Amino acid sequence: MKKIKYDGVLEAAHFKSDGQLDWVRVYIRLGSIFSDRILLSRQAFVKQLKDGKRYMLGERIINLGGKFTVSQPVRLQQQDGKEVIVVGDTRATEDTLAGVPLL
């Protein structure tokens, strides 16, 4: 069995009307299994990324519980003195989650 090298999967995001990230919907790895869907505020998600947790952009495969189709890593980067959440190797000045379904 292939070893999982990430701590969670980012499935969807919600942005406020002013364009700022409000919350994300994730699955968190708990040992050899994954949690149900969890909503994390932007602050809680940033804290997890700062703590070294590795998240991937992806979605759960229907009827296969802890199996996911993942594509790109989610990263926290410093840009102009503020923290920005990005997907892949994107450079941005604000949270940019290209490819993430928006709710």
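Here, each number is a calculation from the coordinates, and none is a lab measurement. Just so it is clear, the model here is predicted, and its values are computed rather than measured. Cβ sites come from the backbone with ideal geometry, for glycine too, and all protein chains shown count toward neighbours.
Tabulated results
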| read-out | value |
| --- | --- |
| The stretch 45-103, residues that are of a type in the set (Asp, Glu) and touching a helix residue (DSSP H, G or I) at 6+ places or on another chain (Cβ under 7 Å) | Glu83 |
| Wholly within the chain, strands (runs of 3 or more DSSP E) carrying at least 3 residues that are touching a Ser or Thr at 6+ places or on another chain (Cβ under 8 Å) and among the β-branched types (Val, Ile, Thr) | 82-87 |
| Subset tally (residues that are over 15 Å from the mean Cα position of the chain (by Cα) and within 18 Å of Ile62 (Cβ to Cβ)) for the stretch 1-37 | 1 |
| Top-ranked residue of the stretch 29-57 - restricted to ones that are crowded, with 17+ Cβ neighbours inside 10 Å and without any contact (Cβ under 8 Å) to a residue 40 or more places away in the chain, ranked as farthest from Gln78 (Cα to Cα) | Phe34 |
| Any hit, the stretch 84-92, residues being within 15 Å of His14 (Cα to Cα), within 14 Å of the chain's Cα centre (by Cα) and surrounded by fewer than 14 Cβ atoms within 10 Å (Cβ to Cβ) | no |
